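Engineer: Sending over a structure as structure tokens; questions will come in a sec.
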Amino acid sequence: CPMCGGLVKTDVVMFGEAMPDAEMQKAWRFLATSDAVLVVGSTVSVWPAAEIVVRAAHLALPIVIINRGPTDADRMAAAKIEEAAGEVLPPLAARLTSRPSIPS
């Protein structure tokens, strides 16, 4: 920090740092109510985050992976898109948000 001289760090977990417990608990809650898991730009090789995908597989949830190159979860995936996330996600998001709403 230019004001105090302290370390400025973004609000992300860097490789080798521990995942905050509160964030992992939130991930488990999301997983418990999910219909599927979408993995984007990850090799699914760093724990404990990779455990989310393993648990999803144990719950028989569909797993879709968007990643260039192999991942540790390829054998668990219902689908693997071997493309760059930046090329796949914008048209996917556009398609999903342009769907007509289902009447209640």
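The values are calculated or read from the model by the stated rules, or taken from the named source; none is laboratory data. Source: prediction; values computed, not measured. Cβ sites come from the backbone with ideal geometry, for glycine too, and all protein chains shown count toward neighbours. To get the accessible areas, we keep the full protein, side chains included, count just its heavy atoms, and leave off ligands, DNA and RNA. Shrake-Rupley method; radii C 1.70, N 1.55, O 1.52, S 1.80 Å.
Engineer: Could you list, in sequence order, the residues of the stretch 33-61 that are assigned to a helix (DSSP H, G or I), open to solvent by 80 Å² or more (accessible area, probe 1.4 Å) and under 24 Å from residue 92 (Cα atoms)? Step through it out loud before you land on a result.
Structural biologist: Our first condition is that a residue be assigned to a helix (DSSP H, G or I); within the stretch 33-61, this holds for 49-58.
Subsequent filtering for residues that are open to solvent by 80 Å² or more (accessible area, probe 1.4 Å) retains 55, 58.
None - no residue of the stretch 33-61 is assigned to a helix (DSSP H, G or I), open to solvent by 80 Å² or more (accessible area, probe 1.4 Å) and under 24 Å from residue 92 (Cα atoms), so the list stays empty.
Engineer: What single numbered condition from (1) farther than 22 Å from residue 18 by Cβ; (2) under 13 Å from the mean Cα position of the chain (by Cα) fails to hold for residue 61?
Structural biologist: (2)
Engineer: Does residue 19 satisfy the criteria of being more than 24 Å from residue 69 (Cα to Cα) and part of a loop (DSSP other than H, G, I, E, B)?
Structural biologist: Details: more than 24 Å from residue 69 (Cα to Cα): yes; part of a loop (DSSP other than H, G, I, E, B): yes.
When the stated conditions are applied, residue 19 passes them.
Engineer: Right, next: Taking the stretch 15-32, which residues are within 27 Å of residue 93 (Cα to Cα), exposed (fewer than 14 other Cβ atoms within 10 Å of the Cβ) and hydrophobic (A, V, I, L, M, F, W, C)?
Structural biologist: Within the stretch 15-32, 28, 30, 32 qualify.
Engineer: Something else now. Which members of the stretch 80-92 meet the condition of being touching a strand residue (DSSP E or B) at 6+ places or on another chain (Cβ under 9 Å) and open to solvent by 40 Å² or more (accessible area, probe 1.4 Å)? Steps first, please.
Structural biologist: First, pick out the residues of the stretch 80-92 that are touching a strand residue (DSSP E or B) at 6+ places or on another chain (Cβ under 9 Å): 80-85, 88-89, 92.
80, 81, 82, 83, 89, 92, listed by residue number.
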